[in-house]
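Below: one structure, written as structure tokens.
Every read-out reported here was derived from the displayed coordinates using simple, explicitly stated rules and does not represent laboratory data. Source: prediction; values computed, not measured. Here the Cβ positions follow ideal geometry from the backbone for every residue, glycine too, while neighbour counts run over all protein chains shown.
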């Protein structure tokens, strides 16, 4: 049975809102802060090991936190070089196939230094609630980007 939480809302470009559980919002906000500040260590701690990354170009198993940290280690500089200075997690859809597993469809707008959107990318995250109530990423399905190359 799929359930949608009714706790908080995430603004959408089309003007609609998706209601999300506060702990999911806290997780995604923390993930965003780590991503935009280049904090690869925090990003690594937010992934469940092993994890899976799936995209059009292939499938990759992530078997260590160090792999996650290495992947995100230069992300801030790469985004900044493309004129992308900030982002936010715009949740497009949130489904709960079980009480502990959430499918979060997230759009990440590319924001320039003035806060203007210059493109976006989106991914579907499979989040699993841990015994302590926090979430970790178990799988990411990369949906692609639009905007500056």
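Could you sort the peptides 86-96, 60-70 by per-residue average Cβ neighbour count (10 Å cutoff), highest mean leading?
Answer by packing, highest mean first, reads 86-96, 60-70.
Counting only helical runs of four or more DSSP H residues, what would the 222 nm mean residue ellipticity of the chain come to if each run contributes -39,500 (n - 2.57) and the total is spread over all its residues?
-7500 deg cm²/dmol
Tell me the relative contact order for the range 19-146 as a rounded percent, counting alpha carbon contacts under 8 Å between residues six or more apart.
With pairs under 8 Å counted, the relative contact order is 24 percent.
Among 138, 122, 45, which one shows the biggest mean-square fluctuation in a GNM of the chain, springs joining Cα atoms closer than 10 Å?
The residue with the greatest mean-square fluctuation here is 45.
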